[in-house]
Amino acid sequence: MAALELHTLFLGPLHNTGIKYMITGSVAAIAYGEPRMTNDVDVVLELKEGDAELLTKTFPPDQYYVPPLEVIKEETERSQHGHFNIIHHDTGLRADIYMEGKDPLHLWAFDRREAIPIEGDETWFAPAEYVIVRKLEFFRESGSDRHLRDIAGMIRISGDRIDRDSLAQLVKERDLDDVWDLASSKEWT
């Protein structure tokens, strides 16, 4: 299963570095919702001085594509939208790495991330509310129903864990009311 491979190839090694991170995207939607296939993992990082070098050592070039150190540092310096990929050569599986930057939603989520065990390891996940809001944004941008299905699965499986007041506030702040109405309609839930 790709999710376990993603853990073995990316999440376990990343967790062992001590770098502050949280998993989001489809892997988080699976953790809070229903299983589905995915070939990548989305991770938000808070990189501090020296962490870029640690990443390049953790993912050796004979096994992984990792951007040059100066690219990682440049992406880390962006206040928003810093991003790069780490790709495992043999499998083609990928970690999409996003920088925490000054994105208010990232900052909110880091304060509320939660540890979920995977393969006996504590693994840090973005809160479900964050994952839902990002999925709403991605649906608005792409129109892909996959995001609505992920949200519906999260509501069905983890609905009692979702802080509805926080979610409503985040949806309102990001002007996503119309998309949330669609995602939470009977068609999807």
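The values are calculated or read from the model by the stated rules, or taken from the named source; none is laboratory data. As the structure is a computational prediction, the values presented were derived from the model and not from experiment. Cβ placement follows ideal geometry from the backbone for every residue including glycine, while neighbour counts extend to all protein chains displayed.
Name the single residue that is surrounded by the fewest Cβ atoms within 10 Å (Cβ to Cβ) among those in segment 128-155 being small (Gly, Ala, Ser) and within 15 Å of residue 38 (Cβ to Cβ).
144
With among the basic types (Lys, Arg) and farther than 27 Å from residue 15 by Cα as the only criterion, which of 135, 73, 172 stands out?
172
I need the full set of residues from segment 111-154 which are of a type in the set (Val, Ile, Thr) and free of Cβ contacts under 8 Å to residues at least 60 places away in the same chain, in order please.
Residues satisfying the conditions are 132, 133.
If you scan segment 9-27, which residues turn out to be surrounded by 15 or more Cβ atoms within 10 Å (Cβ to Cβ), within 16 Å of residue 117 (Cβ to Cβ) and modelled with pLDDT under 95?
Listed by number, the residues that qualify are 11, 12, 14, 15, 27.
What are the residue pairs meeting all of these: first residue in segment 48-73, first residue assigned by TED's automatic domain parsing to the domain that holds residue 100 and of a type in the set (Ser, Thr, Tyr), second residue part of a loop (DSSP other than H, G, I, E, B) and exposed (fewer than 15 other Cβ atoms within 10 Å of the Cβ), Cβ atoms under 7 Å, and 6 or more apart or on different chains?
Matching pairs, first to second residue: 64/89; 65/89.
Taking interchain pairs and intrachain pairs at least six residues apart, which have beta carbon atoms under 6 angstrom, with the first residue in segment 93-110 and free of Cβ contacts under 8 Å to residues at least 24 places away in the same chain and the second crowded, with 19+ Cβ neighbours inside 10 Å?
That search, which allows pairs on different chains as well, returns 101/82.
Identify, by number, the condition in (1) in contact (Cβ under 8 Å) with a residue 60 or more places away in the chain; (2) assigned to a helix (DSSP H, G or I); (3) exposed (fewer than 14 other Cβ atoms within 10 Å of the Cβ) that residue 158 doesn't meet.
The number of the failed condition is (3).
Which condition does residue 62 not pass, out of (1) of a type in the set (Asp, Glu); (2) more than 19 Å from residue 185 (Cα to Cα); (3) more than 12 Å from the chain's Cα centre (by Cα); (4) modelled with pLDDT under 95, if it passes all the others?
Going through (1) of a type in the set (Asp, Glu); (2) more than 19 Å from residue 185 (Cα to Cα); (3) more than 12 Å from the chain's Cα centre (by Cα); (4) modelled with pLDDT under 95 one by one, residue 62 breaks only (4).
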